[in-house]
Each structure stands twice: as structure tokens, then as C-alpha cells.
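Just below is one structure, and these are the notes that go with it.
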Amino acid sequence: MKITGVRIHHPAGLLRLCTDGELEGWCVGLTPDISRNLVEHMAPVIIDQSPFDRERLWQELARRDRQRHTALRGFIDIALWDLVAKAAAIPVFRYINGFRNHCPVYKRGAGISPDEILEEAQQARNDGYKGYKVATPLPEETMVPLIHHLRETVGDDFYLMLDGRGQLTIADAIKMGRALDETGYYWFDRPRMAIDTTGGKQVADELDTPITAEVTTPLEASQVMSTQSADHIKTGTPYSGGITDILKIARCAEAFGAFCHLDGPGACDGFAHGHLLGAIKNSPFFEWTDHDNPSSIIKNPLQVVEGHIQIPSGPGLGMDIDPDALDDQTAEIIST
Amino acid sequence: MQIKDVKCYISRGEPEIRKESVMDRGNMELVPPGITGIFTHTHGFGNPPVAGAEFIGETEEPTYNLMIRLITDGDLDAYAVYAKGFNVKELEWQAKAFLARYAHMLIGIDAFDREFIWQRFWMAQRFMYTGRQLLDTIDRMLWDLAGRHVRMPIYKLLGACRERVPAYCNVGGRTIDDLVANAVKRVDEEGFIGCKDHSYRGVKGNTEMAFKLREALGDDIFLFHDPVESYTYEEAVKIGRVMEKCNYTWIEEPLQDYDIMGLKKLCATLDLPVLTLEWIGAIGGQPYNTAPYLALQAADIVRQRGIGITGEIKQAHLAESFGVQVHGGTPNVILAVGNDPVFEAFMGLRPRPPEEELDCRGTLVVENGYMEIAWSDRPVVEPDWDDVASKAEMVI
């Protein structure tokens, strides 16, 4: 099988890897400027190549990372996995190495005020989610009481997390982290940028609650792990690359006994992260958020049922694309 | 494709004459015992006595294979030879142990849920003291099944990185001159891109060997030195400097793998890359025990001893995240990663079989200085299980 072309539908955001056979590899979530860049700079690497030579193509695409957005090749990589698993008529997670066919889910919050956050967390708990993450930046003097209040509101048997978005001072991170230690939060996302290895290490050493650092490459993951500047790794498609990248990052973290958390639904409205979670052990949750714009061309979007997602069991990523919706949402095709 | 049942077949193999002997260790008694004269494993074994070190059976005896078959609800089953021996009764009890202890950990699981099975048997290593072979065999038979399912060799399923890699050979000899002559002959006649010694001649002997090899082979041949953990730290620095002068590619296991601080210091001291972790990896633990060596920079290149295909991929990806190479992977994994660039052809040459003998499992080919996997999309001829059962000594 050879890849013969790349066609990207807009505004649907669907990338189609076309082949000399009947099968196509798909990825959803592209923007027009990303698509033009991808077709110009990345697509020439894969045209006329076999999708089964994925690692070689990955190495060649990764060499072009400098001055380009990693997401460009991330979309291609995801579509390549979709294509080869379709050819084998098995789901991507089992093509990689199946670990589980369903995965627990927590809700990433979108509330702005403390009251909204408390209400949202309570609602998430009532809806069956396994946990809730505070993702709103609030000043330390507001956040510390909220951390306590939130734990009192939802009770002890519900996972809680806090996201610092890499924007906290070291002093604030430690103050908030102490509140997390006292109230048993599961982890503290991104108190510092990953590049701050000394500050990250200081926070990680001070706190009992594990902290994460957000990385975009396997090399960054190995540096975070070997400097112990974070306890867990945070990453995700498409900005860290594709399924291949995340597998490498997760395997690095696994060797250090660390979790590798995936950020939000990622590319393909959660299908890529779903399959990754189906294939790796050291990632406890799918991070659900319902304020992103879901793609209307996927007929079988992921559903949270009793706090779990089922990992799609169809061939490839298992995305069922609605041809009529795609027609409606195709004003422009950017192609090779 | 779910695993529904496990069956064990004990079948007759080719008759063999039993033989136990001690490997001849050449002139190891002449090896200088290190700088300090302290007893080290450099010279600690001695040579076997001339007489009485060999036991050879008088007649051929029948051999038996124990094959494990994981029966699925799909078209294909997973299977592999799990044990061999001269005694049916012994194999029968190995089969019964497998069925009693491990079969229930496989039945009902999807045959493509290799990661789940790998993680489960990884933990079983500790809780049931299984050792590494059980997981290694099961993981490889499941990958073999997946390859036959997609009708491609495993490296294509993993995502091929290249179609062939350069290959080197191992050379030895009773004397340094023997070893050098052997190296010249094999490189010239068999086309290998380089050669590796396993020489325990100490700094003095191995210095002489290195200069003679480089002179005899010229500048374009790759040289690798593997003293099999036989130096002290000081000796390793001395021989490392010699190997740097002779443009060696790496030094392999200069110190014991356990000596993490010595390895860290040696990696920092030498320009010559230090390859390590073959022995610790052989016991088990990769990739988890590799992580601290990489974090502490106590290895420049790490030996590939991941358990099963799954474990090897984990080990290669961990090393890649540090920008570090691995060495010694299974051919299918070597061809699927970017950081295992040269093949150790310990089996010697393997000429390419005729096209009509190739199938989708692939056949190892070593010739013209390269390793590759020759394959076609022809399905593998599957065992006729009724026939296997009817000819078997025992089906359990």
C-alpha cells in the first residue's frame, strides 16, 4: 500500500490520507493554516511511501520540527495509525498493544468563580465522573480556601486535581500545594513550566502531592524525569505530535515509574487519546471537557457512561464520518 | 480475537547424543590478574582439567518438545515451543504447571491485548517468581500471531524504520594472532562491516590485540571490544584510551553492571562510548532498571534485553528519549526503531532463502555485511493440530 495524496476538508477539519487502495487514514481537528503548512512542508515526506514504514516516516518528519509546529506531523501520524489498523481490521489500541477497552474519566472544569467551580464539581460527581480538575487560574488567597472548600463539598471518595497552567510563582505553588497535601488531591498539574527544572524540582521536593510538567517531546520527558523536576508527565496530541510521540513519552515515564497524563480530548475529539489510554498502563484517566467545539462530522462521538469511556472497537480509530455532514462542511479542500 | 483455551502438546523431536562439557577457555590461565594482582573474574575460572571434563552419551536418545498453544475464537492460534528435554514425564509436569498456574491468566483475554498480558505477567515475575522466560515466550507468541493476522513480519507491524542494518561478527582465537587472522578472514570472506572480540587478556594483552587488529583490518572496519566485565575501573580507563587511539566504536561491559558509580565515572572519563546493562538485563528488569543509569549518565549505549517484543520496544523508546542507542535487539525490533543501528551476527551468515520459501513471518538474512528480514505476503503454513495431536506423545 502506498500513500498517494493528502486531502484536507475545511471547515470540517478532516485530513484524509489517500492510498492506491480503497482504504484511507483519517484525522480530525485541523485548521486551514495548519493544513496549508502541512501540505507544503510535511506531506512530501509521506507521498509514495508505505504507511507500514511508520517509524522511518516519523523520524523524517521529526527532523523537520525546527521552526514548524509539532502538530503538523502529529495529525499525519494519527492518520497513519488509523490507516494501518484499518488495514488489519483491528482497533488502533490493539494494533499498538491492547491494555484495556474502557477507561475512567474525570471532568476538567470550566467554571470561573469559586461558586461556579463548586457547583460544577458537585455536578460532575453526580454525573458519575471519577474526578474533577480545577483548571481556572485564581489568586493564591482565593485558591487556597477553595481547595479546602471543594474537598468538603465533594467528599473524600472523589478524585480532585488542580491545574496551575505553568503560571504560578514558586511561592504560590508551594502554598497551594500544601493545601492539596492537606486535602488529598490526586495530583497538581503544571505548577511551573517544564523548562524550569530547578523551580519544578523545588516544588516537587517540597510537596507530597505529585506535580506534573507538560512536555512536547520524548527528550523533554527524559530531562524532567532525570532531574526529578516533576513527578508525572503531562502531554497530548496534537501539539506534542501524534500517537507515536505520546507512546515514546509514556514509555519513558513508565520506565521511571511515573504517570503520563493526556491533556484533554486532543485530536479527533478524543479518539486518539482514547486509543492511547487503551494501550498504556501508566495513565489513569481520560480528561473530559465539554466546552470545546465538538466536530459535527463524527457520527459516533465518544460518550461518558458511568464515568468511563469505551474505547472504540471498530477498525482503526473507529471514527464514523458522516458523508452528508462532511459535504456540508466542505467549502475548501487543501490538497497535495 | 479472544483466547479461549490453552493446550499443551509434547511431541518427539530429533534424537540426540547427550553431551556435557566445559567450554575451552583458551589461554585464560595466562591472563595477567589485573594491576593489583587481586583475584578477579579476569582469571578466576582457570581451565578445565585435560581429562574427565567431558561426558558423552553412547547412543542417541529421543528428545521431546513441549508446545504451548493458545486457542482463540479466530482463524489463527498463538503457539510456541516452551520447553525441550529428554524426559516426557518432566515436560508433562512443566505443562501441568503452566496450565495450573498461568492458563487462567490468559483465557478470556483478547489476543491483541498484549500490553495487559505483559503487565500482568510482569507482576507475576515477582509474585510467582516466574523468571523472565515465561513472559518472553508468551509476548513473542502473541506478536507472532498478530504478524500472521496482518500477514506481515513484526517489524512492519511495529512500523518499519529501515529494511536492513549493517552487521558485524564475533571473533575469537586461542592466541592474539589466531584472533587477528580469524577477523581478517571473516571480514574479507563474509563481508561483515566489523568485528567484536570477547577477549579477557587484560590491559596488556588486549592492547596488543587492539593495535594488531586495527593494523591488519585497516581504517574502514568497525571494531568493538567486549571484555565481559573483566576489568577494574583503572584497567578500564587504560584500555579505553588504547581503544580510542585504535578508533574502536565502543567498549562493552568494561565493569560489572552493578557498579553504577564506576560506570558513571567511566562514561565521563572516556571519549569511547561505554555500552552496558547486558547482564542486569539478562536477569530482568528492563526498561525500569535502565532509567536510573540513563538519568545518572552511567551508560552511553544500553544493551537491549527487554522482555518480549513489548519489553524491547519499551527499552528502545526509553533510550531514544535520552538520545541514546540500544544494542542487541531482536531483528524485528532492530528494524522498527531508529536507535539500534548495528546487528551482532552471532549466528554467522544466513543466506537468503529462495523466494518460494518465504512467508509473511519472514526469515532472518545475514549476508554482504547486512541483516534484513526477507518475507513475502504468503501466509504461514499453520500446524494441522489434529495431526500434531495424533502424533504427540501427550496432549494436556
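FYI, it's all coordinate maths here, none of it is from the lab. Predicted model, so just to flag it, every value in this text is computed and none were measured. A quick note on method: Cβ atoms are made from the backbone with ideal geometry, for glycine too, and the neighbour counts reach across all protein chains shown.
Each of B:ILE17, B:PHE192, B:ASN247 was placed along the dipole of chain B (beta-carbon charges, centred on the mean Cα), and the one lying farthest toward the positive end is B:ASN247.
Mean residue ellipticity, 222 nm, helices only, the protein assembly as shown: the sum of -39500 (n - 2.57) across DSSP H runs of n ≥ 4, divided by residue count and rounded to 500, is -11000 deg cm²/dmol. Average projection, convex hull of the Cα set of segment B:210-277: 4.1 square nanometres. For segment B:135-187, the percent of C-alpha pairs falling in each 5 Å distance bin, counted from 0 to the bin holding the largest distance, reads 5, 16, 14, 11, 9, 9, 9, 13, 10, 3, 0.
The convex hull of the Cα atoms of segment B:234-307, projected and averaged over all directions, covers 4.4 nm². A simple packing score, the average count of other Cβ atoms within 10 Å per residue, orders the peptides A:313-321, A:184-192 as A:184-192, A:313-321, with the highest score first.
Scaled against 2.2 N^0.38 Å for its residue count N, the alpha carbon radius of gyration of chain A is 1.00.
Comparing Cα centroids, segment B:176-233 and segment B:97-147 end up 40 angstrom apart.
Give the calculated FRET efficiency between B:GLU234 and A:ALA89 to the nearest 0.05, with a Förster radius of 51 Å applied to their Cβ-Cβ distance. Efficiency computed from Cβ-Cβ geometry: 0.30.
Comparing A:ASP115, A:ASP245, A:ASP269 in a Gaussian network model of chain A, where Cα atoms under 10 Å apart are tied by springs, the biggest mean-square fluctuation is seen for A:ASP115. In µm²/s, what is D for the protein assembly as shown at 4 °C and 1.567 mPa s, where D = kT/(6 pi eta Rh) by Stokes-Einstein and Rh is the Kirkwood radius from Cα pairs? Reported coefficient: 46 µm²/s. Go from 0 up to the bin containing the longest alpha carbon distance in segment B:346-396, width 5 Å each, and give me the % of pairs per bin. The percentages, shortest bin first, are 5, 18, 19, 13, 12, 12, 13, 7, 2, 0.
Taking the longest Cα principal axis of chain B as reference, the axis of helix B:88-101 is set at about 80 degrees.
Projected over every direction and averaged, the convex hull enclosing the alpha-carbon atoms of segment A:129-190 yields 3.8 nm². In this structure, the pairs whose alpha-carbon distance is over 19 Å, taken from A:LYS175/A:LYS234; B:LYS19/B:LYS84; A:LYS133/A:LYS248; B:LYS4/B:LYS96; A:LYS2/B:LYS156, are A:LYS175/A:LYS234; A:LYS133/A:LYS248. For segment A:113-240, the alpha-carbon coordinates run over 40, 31, 23 Å along the three principal axes, in decreasing order. With both labels modelled 7 Å from their Cα along Cα-to-Cβ, the A:HIS102 to A:ARG36 distance reads 4.6 nm.
In segment A:169-289, inverting the average of 1/r over every pair of distinct C-alpha atoms gives 14.2 Å as the Kirkwood radius.
Rounded to the nearest 0.05, the FRET efficiency derived from the C-beta distance between A:MET193 and A:GLU22 at R0 = 41 Å is 0.35. Here the simple spin-label model places points 7 Å from the Cα toward Cβ, and for B:ALA282 and A:THR227 these points are separated by 3.8 nm. Computed on segment A:121-216, with alpha-carbon pairs under 8 angstrom and 6+ residues apart, the relative contact order is 25 percent. Where both bridge residues fall in the protein assembly as shown, DSSP classifies roughly 60% of the beta bridges as antiparallel. In plain terms, if you count all Cα to Cα distances in segment B:78-153 and split them into 5 Å steps from zero, the share in each step is 3, 14, 23, 26, 18, 10, 5, 1 percent. Compactness of segment B:101-251 was expressed as the Cα radius of gyration divided by 2.2 N^0.38 Å, which yields 1.49.
Here the scattering of chain B is modelled by Debye summation over its C-alpha atoms, one equal scatterer each and no solvent; at q = 0.07, 0.09, 0.10 Å⁻¹ the log10 of I(q)/I(0) is -0.38, -0.64, -0.80. Taking the Cα atoms of segment B:137-222, the ratio Rg/Rh between the radius of gyration and the Kirkwood radius comes to 1.22. Over segment B:300-389, one equal point on each Cα, no solvent: what is log10 I(q)/I(0) by the Debye formula at q = 0.11, 0.17, 0.24 Å⁻¹? Log-scaled intensity ratios, in q order: -0.41, -0.81, -1.12.
Neighbours of B:CYS8 by Cβ distance under 9 Å: Lys/Arg scored +1, Asp/Glu scored -1, total +2.
Annotation for B:ALA124 and B:MET261: the two label points, set 7 Å from Cα along the Cα-Cβ direction, are 4.0 nm apart.
Quick note on segment A:241-321: its Rg to Rh ratio, both from C-alpha atoms and Rh being the Kirkwood radius, is 0.96. If you model segment A:55-197 as an ellipsoid using its alpha carbon gyration tensor, with each semi-axis the square root of five times an eigenvalue, the axes come out at 36, 22, 12 Å, biggest first.
Annotation: the residues B:SER376, A:SER222, sorted from fewest to most other C-beta atoms within 10 Å of their own C-beta, follow the order B:SER376, A:SER222. Paramagnetic label reach from B:GLU16 (point 7 Å along Cα→Cβ; backbone nitrogen cut-off under 19 Å): within segment B:52-88, residues B:54-68, B:80-88. Based on the reciprocal of the average 1/r between different C-alpha atoms, the Kirkwood radius for segment A:5-58 equals 11.7 Å. Here segment B:234-286 and segment A:77-141 have alpha carbon centers that stand 44 Å from each other. Suppose R0 equals 60 Å; then what is the FRET efficiency for B:GLU90 and A:ASP156 from their Cβ-Cβ distance, rounded to the nearest 0.05? Step by step, r from the Cβ atoms, then E = 0.65.
The Kirkwood hydrodynamic radius of segment A:72-154, based on inverse pair distances between different Cα atoms, is 15.8 Å. Each principal axis of the Cα cloud of segment B:224-365 was evaluated for its coordinate range; sorted largest first, these ranges are 55, 33, 25 Å.
Compared with the dominant principal axis of the Cα atoms in chain A, helix A:114-126 is inclined by about 70°.
Principal-axis analysis of the Cα atoms of chain A puts helix A:197-206 at an angle of about 50° to the longest axis. Shape annotation for segment A:1-96: C-alpha extents along the principal axes are 35, 29, 25 Å, from largest to smallest.
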